[in-house]
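The values are calculated or read from the model by the stated rules, or taken from the named source; none is laboratory data. Predicted model, so just to flag it, every value in this text is computed and none were measured. In this analysis, Cβ positions are derived from the backbone assuming ideal geometry, glycine residues included, and neighbour counts consider all displayed protein chains. The accessibility values were calculated without ligands, DNA or RNA, using every heavy atom of the protein model including side chains. Shrake-Rupley method; radii C 1.70, N 1.55, O 1.52, S 1.80 Å.
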Amino acid sequence: MKITVASGKGGTGKTTVATNLALALADDHPVQFLDCDVEEPNAHIFLKPQIGQRKSVEKLLPKVDEHLCTRCGNCAEACEFNAIAVIGKKVLVYNDLCHGCGLCKLVCPVGAISEIPHELGVIESGTARGFPFSHGLLNIGEAMATPLIHELKAGIDPEALIILDAPPGTGCPTIAAIQGADLALLVTEPTPFGLHDLRAAVGVARSLGVPIGVIINRDGIGDDRVERYCEEEGIPIVLKIPFDREIAQFYSRGVSLVDVLPEWRERFISLYGMLTAGLVSDIPGERRAQNAPLQEGGGK
Amino acid sequence: MRLCITAKGPSLGDDIDLSFGRAAYFLFHDPKTGELHAIPNSPGAHGAGVQAARIVAENGAKTVITGSVGPNAYRGLVAAGAEIYVGAEGTVADAIAAYKEGKLPRADGPSGRGHGR
Ligand code: SF4
Ligand code: SF4
């Protein structure tokens, strides 16, 4: 079983849900936690992992030998990301656009392109409260988050119950984190902005064929539009976390709800029971997860 | 001297398009001869700024008049040897007039945020 916790924007309580779910389930299930929010990972604040391993994630960036280059433009023509351009007398390589696919090097007729490893970030792995934990840290100024997410997912134990904290938004990194999940838990707030971002996130999960459950955080601060939307769309609301001073204070101190409020531990455990019992429409139960180990989606 | 102005439409009466990389049209204009040539932009999902800089370079404009320019476009335009004037507003004709009067600041670095990713 692989559960991705996602949201259309940051700051909705996505990490609260992911970390509490992991902590509540870890006693009875082989939880593995992946923080894929590589631009702003913060699950470690709540899970306090002991990091044992660090691994650098690199891409191969083309480097052009200006003396060999004939300015033929083949490389720029071939690159679908506009990451290399021949402008005037110069060949420019754009690190932030380059996917490191190596095509430009292949098409260069004079062998002017070599490749140099360029670090995008690191993956740190270890143990948090007895279960495997890993997170990715994108280097400052790097734009390519997706390779780190693929690297994190490559470390998935097929036997484990995966809880994956996805990057907020609807771009490539979010898609990479939702792809291949058995279930996307989309966290939102009951406000017009929350609804807007939820719609976008629902669009992503649906396009990937991943079943959805919605969690409303700070319930009570807004209106019922999110609920009406979910009803119209036939999307189950699987949990509501009220807007509550006590909860907010625990959060700000890096304390997990399930550690201090036993009723929340029960709620997260029964949430998981509900998800796997198939009470939530078209969410595949554990049966499928056991019979067919998760396949990683294709993706770049 | 050939100018490139980013515009929402193909004529001098159309409004300036404030974003260089994702502008609807590039208007190439020579104020001396009155020559006007509009190229519609079709920015892809990736590297719109780079692509736009290539269009400017290929059409031989050495002066760009626009609203703002992102980091990737800026680098491309510098490589193309173009001077970039930002902060243009109103119609294309207004912007050309403002440029001629020296009212537009010359960009010495990227102004807009890039849309690279
Ligand atoms: S490695 Fe691929 S993405 Fe990077 S510049 Fe070359 S062709 Fe483009
Ligand atoms: S393909 Fe090779 S020779 Fe041609 S422009 Fe690119 S680097 Fe230069």
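Across segment A:86-101, which residue is nearest to ligand 1 (Cβ to nearest atom) among those that are buried (at least 18 other Cβ atoms within 10 Å of the Cβ) and aliphatic (A, V, I, L, M)? The residue in question is A:L97. Among the residues of segment A:102-115, the ones that are out of contact with any Pro (no Cβ under 8 Å at 6 or more places or on another chain) and either more than 6 Å from ligand 1 (Cβ to nearest atom) or within 20 Å of A:N139 (Cα to Cα) (or both) come to 7 in all. Condition check for B:L12 on (1) within 14 Å of another protein chain (Cβ to nearest Cβ); (2) in contact with a helix residue (DSSP H, G or I) (Cβ under 9 Å, 6 or more places away or on another chain): one failure, at (1). Where residues in segment A:60-72 are within 14 Å of another protein chain (Cβ to nearest Cβ) and away from ligand 1 (no atom under 13 Å from the Cβ), which of them is farthest from A:C104 (Cα to Cα)? Ranking the candidates gives A:E66 first.
Just one of (1) out of contact with any strand residue (DSSP E or B) (no Cβ under 8 Å at 6 or more places or on another chain); (2) away from chain B (no Cβ under 14 Å); (3) at pLDDT 95 or above trips up A:A176, so point out which. A:A176 satisfies every listed condition except (2).
The listed residues are A:G141, A:G155, A:G171, and the only one of them that is within 14 Å of another protein chain (Cβ to nearest Cβ), within 22 Å of the chain's Cα centre (by Cα), at negative phi and away from ligand 1 (no atom under 16 Å from the Cβ) turns out to be A:G171. Restricting to segment B:54-109, what's the tally of residues that are among the acidic types (D, E), closer than 18 Å to B:I16 by Cβ and either over 12 Å from the mean Cα position of the chain (by Cα) or more than 14 Å from every other protein chain (Cβ to nearest Cβ) (or both)? Looking only at that region, the number is 3. The strands (runs of 3 or more DSSP E) found entirely in segment B:1-83 that carry 3 or more residues being free of Cβ contacts under 8 Å to residues at least 40 places away in the same chain and open to solvent by 30 Å² or more (accessible area, probe 1.4 Å) are B:35-40. A single entry from A:K59, A:K48 fulfils the requirement of being in contact with a Gly (Cβ under 7 Å, 6 or more places away or on another chain) and either modelled with pLDDT under 95 or not hydrophobic (A, V, I, L, M, F, W, C) (or both): A:K59.
For segment A:89-132, which residues satisfy the criterion of being more than 14 Å from chain B (Cβ to nearest Cβ), part of a loop (DSSP other than H, G, I, E, B) and charged (D, E, K, R)? Residue satisfying the conditions is A:R129 alone. The listed residues are A:A83, A:A6, and the only one of them that is within 13 Å of ligand 1 (Cβ to nearest atom), modelled with pLDDT of 95 or more and either buried (at least 24 other Cβ atoms within 10 Å of the Cβ) or small (G, A, S) (or both) turns out to be A:A83.
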